[in-house]
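Worksheet: one structure, shown below.
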Amino acid sequence: LTEAYDKLRTNAIQFSAPRLNQHAKAPWRNFEFSCFSQVGDDGLLYRIFGILGWGNRRSVEIGYFPHEANTVNLIVSQNFSGLLMDGNTDLTVTRSWYASIDGYLDILKEDHRQSQQMRTFKTPTDMDLSMKCAPYCLETCYNLNCFKAPVTVKTPHLHKGKVTAENAGELIDNAFRPESVRGDGGLDILSIDIDGMDYFIMKGILDSGVKPRVIATEFASHLGHELALTRPYSAEFSAAADSFQYGASIMAFIKLLRRFKYRFIGCVEWNAYFVLESEITRANADSAFPEQDAFSCFYQDQTTRKSEVIRLHKALAVEWVEVEAAKPKGWDEIYSLLTKNLA
């Protein structure tokens, strides 16, 4: 690496070596890799389950793309029984991703019987059809088996529709036998990223008696690491993706999950990870998963800082509420505290 850096310094007008201080501050990030996760979550999950054990191999993900989500690699590579829930993702696309090659081609043929405007999948191009491995490795192919040797996976349970604090537990029950997922560790991992009522949906699931061994959740990093904030609850909540007026702060999740006896072990980028304390004790893994503080997820360079300020400006156009507090602060005080981060 030193030789490579020296060569780059010689040949480049400007060069700065990778900054490794975030790994010194967040050592669990040394285990990151990505097969299907958006960032390095696949690697951290292998690390976690490699220590805790693979358990019942059951996963739930709320908010996903068929080929890019935190639990896809577990379903594909570790034979997990999964439940994928999303209000927008096309079920035809999801089914095509997990189907066998023959099943995928049947879906494709059925889709191409429709008019051009109604098709889900685009027509293969001349370049696609000229490829030696066509039709299995088409540029347009949207199937797991197009990208690796054929595998046999358990097709996950799928739900397209609104997920709320009221119905989340029932949706999980409908996918798995209730007695197999209720209680400590009946479910191995829950991952939530819906840019909405994430905090309240997680709370609803935990209140229903489902306590996964591992929980991953996206947090709103622009809200900082000190206040436990979320938007007021609404089962019909909706917000534009570029508004940054959704989700919850990392402290909201830390405080919520601490009440349910989870340990915060760190973040991968904007995803926070928690492990059930009883699982850490059972695996004698206290030293492997030291408890982290919220600030450990905030290692900002100047570019990231500018981005966070822009997001916070947008977020402050609407009211936020404090949760997990005996005497929640009012909006005026919250606004005052958050605007200090704009300085």
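The values are calculated or read from the model by the stated rules, or taken from the named source; none is laboratory data. All values reported here derive from a predicted model rather than from experimental measurement. All Cβ positions, even for glycine, are placed from backbone atoms using ideal geometry, and neighbour counts span all protein chains on display. Accessible surface is based on the protein model in full, side chains and every heavy atom, while ligands, DNA and RNA are left aside. Shrake-Rupley method; radii C 1.70, N 1.55, O 1.52, S 1.80 Å.
On the given criteria, is W97 in a helix (DSSP H, G or I) and modelled with pLDDT under 85?
When the stated conditions are applied, W97 does not pass them.
Suppose we filter E279, E319 for residues that are under 21 Å from R213 (Cβ atoms) and either touching a helix residue (DSSP H, G or I) at 6+ places or on another chain (Cβ under 8 Å) or assigned to a loop (DSSP other than H, G, I, E, B) (or both); which single one remains?
The match here is E279.
What are the residues in the range 259-273 that are surrounded by fewer than 19 Cβ atoms within 10 Å (Cβ to Cβ) and farther than 15 Å from D42 by Cβ, if any?
R259, F260, K261, W270
Please determine whether any residue of the range 231-239 is aromatic (F, W, Y), touching a residue at least 24 places away in the same chain (Cβ under 8 Å), in contact with a helix residue (DSSP H, G or I) (Cβ under 8 Å, 6 or more places away or on another chain) and not in a helix (DSSP H, G or I).
The answer is yes, given that some residue of the range 231-239 is aromatic (F, W, Y), touching a residue at least 24 places away in the same chain (Cβ under 8 Å), in contact with a helix residue (DSSP H, G or I) (Cβ under 8 Å, 6 or more places away or on another chain) and not in a helix (DSSP H, G or I).
Among the residues that make up the range 231-248, is at least one of them over 22 Å from P290 (Cβ atoms), modelled with pLDDT of 95 or more and acidic (D, E)?
Taking every residue of the range 231-248 in turn, none turns out to be over 22 Å from P290 (Cβ atoms), modelled with pLDDT of 95 or more and acidic (D, E).
Out of the residues in the range 150-191 that are β-branched (V, I, T) and open to solvent by 60 Å² or more (accessible area, probe 1.4 Å), state the one that is farthest from G247 (Cα to Cα).
The residue in question is T152.
Output the residues belonging to the range 192-212 that are open to solvent by 10 Å² or more (accessible area, probe 1.4 Å), on the phi < 0 side of the Ramachandran plot, touching a Gly at 6+ places or on another chain (Cβ under 7 Å) and not in a strand (DSSP E or B).
D193, I194, G204, S208
It is to be established whether one or more residues within the range 282-301 are open to solvent by 30 Å² or more (accessible area, probe 1.4 Å), more than 18 Å from V214 (Cα to Cα), in a helix (DSSP H, G or I) and among the small types (G, A, S).
no
Which residue is nearest to I189 (Cα to Cα), if the candidates are limited to the range 50-89 and must be open to solvent by less than 30 Å² (accessible area, probe 1.4 Å) and assigned to a helix (DSSP H, G or I)?
Within the range 50-89, the match that is nearest to I189 (Cα to Cα) is L74.
Step by step: first the residues of the range 29-49, then only those that are in a loop (DSSP other than H, G, I, E, B) and of a type in the set (F, W, Y), then the one that is most open to solvent (accessible area, probe 1.4 Å). Which residue is that?
Filtering first and then ranking leaves F33.
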